[in-house]
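Everything below concerns the one structure shown next.
The values are calculated or read from the model by the stated rules, or taken from the named source; none is laboratory data. Keep in mind the model is a prediction, meaning the values are calculated, not measured. Here Cβ is always computed from backbone atoms with ideal geometry, including for glycine, and neighbour counts include all displayed protein chains. Note: accessible area is taken over every heavy atom of the protein model, side chains too, but ligands, DNA and RNA are not part of it. Shrake-Rupley method; radii C 1.70, N 1.55, O 1.52, S 1.80 Å.
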Amino acid sequence: MAQTTSYEPPFSRSADANKDHILNQLTTCLKAGDLVLEIASGTGQHIVHFSKNLPDIHWQSSDVDLVNYGLPEVVANNQCANLLAPLSLDIASWPELNARFDAVYSANCIHIIGSELLAPYVAGAAGVLNPGGLMLLYGPYKYGGEFTTQSNADFDQYLRSSNQGGGIKDFETLDELAKQNGLALENDVDMPANNQFLIWRKTS
Ligand SMILES: C[S@@+](CC[C@H](N)C(=O)[O-])C[C@H]1O[C@@H](n2cnc3c(N)ncnc32)[C@H](O)[C@@H]1O
C-alpha cells in the first residue's frame, strides 16, 4: 500500500505562547518594506508567524544549527513570499552578509549563549544594520545585578546547571556594548512571564 507522508513542523510551547506578545511589539517599531534578520530562529515558529502577520516586511531567518529543528523545511513548507530561506549564522563568527538590515531581532537567545558571545552578538548586529536600524531583543535580563523575579533566578540556576555557559545576562552589559557599537537604547518594555523587549537604534 502506498504510504502518505505529512509534514509535522517542530513545535515549542513557549514560542507559541509568546509569539503574539512579540508581534505586538514588532508592529510598533517596524515599517512596511523593512528587511529583518532573525538570529537563532530555532523552530521557526516566530518568523513564520511574523511573516504571515506582517506581509509588507521581509524576513530573513537564521540559526547556528539548521538541522536540529529542520528550519529549511519549516520555511519551505510555509511558502511565504516575504520569508527568505534560512542562513547558517553563528554569533561567534558572523559570515560575510551581502544584505544590510533594517532590524536584527532575536528571542530567547542571549540567555542560552555564553557571556563571551555577547560582544560578537552586538558587534555583528550593529555591523549589518542600516543607519537608523534597530537591534531588538526579547528575553529575561538582570538589572543592577538583580533578577527581576524569583522565577527568573530559578531559571538562571537551571541554565547554569544544565547548559554550556548559559545564564541570564545583565542588561547593563548589553547596553554598554550597544553604546560602544553606535546603538542607543530607545525602549525597554516589560513583557509577560518576566521578559523584556529591548529596542536599540543605530545612531552612528
Ligand atoms: C531557546 S532557543 C530560541 C529559539 C527561538 N528564537 C524561540 O524564541 O523560540 C535558542 C536558539 O539559539 C540557537 N543558538 C545557540 N547558539 C547559537 C549561536 N552561537 N549562534 C546562533 N544561534 C545559536 C540554538 O540553535 C537555538 O535555536
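Values as computed for the structure displayed
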{"read-out": "Considering residues of region 95-110 that are within 15 Å of the ligand (Cβ to nearest atom) and over 11 Å from the mean Cα position of the chain (by Cα) only, the residue least open to solvent (accessible area, probe 1.4 Å)", "value": "97"}
{"read-out": "Among (1) within 13 Å of the ligand (Cβ to nearest atom); (2) over 15 Å from the mean Cα position of the chain (by Cα); (3) among the β-branched types (Val, Ile, Thr) - the single one residue 47 does not satisfy", "value": "(2)"}
{"read-out": "Filter result for residue 11 (in contact (Cβ under 8 Å) with a residue 12 or more places away in the chain and more than 28 Å from residue 174 (Cα to Cα))", "value": "yes"}
{"read-out": "Hits in region 168-184 (condition: open to solvent by less than 70 Å² (accessible area, probe 1.4 Å) and part of a helix (DSSP H, G or I))", "value": "171, 173, 174, 175, 177, 178"}
{"read-out": "Test: residue in region 146-167 that is modelled with pLDDT of 95 or more, farther than 22 Å from residue 116 by Cβ and in a strand (DSSP E or B)", "value": "yes"}
{"read-out": "Flag for residue 193 being at positive phi and part of a helix (DSSP H, G or I)", "value": "yes"}
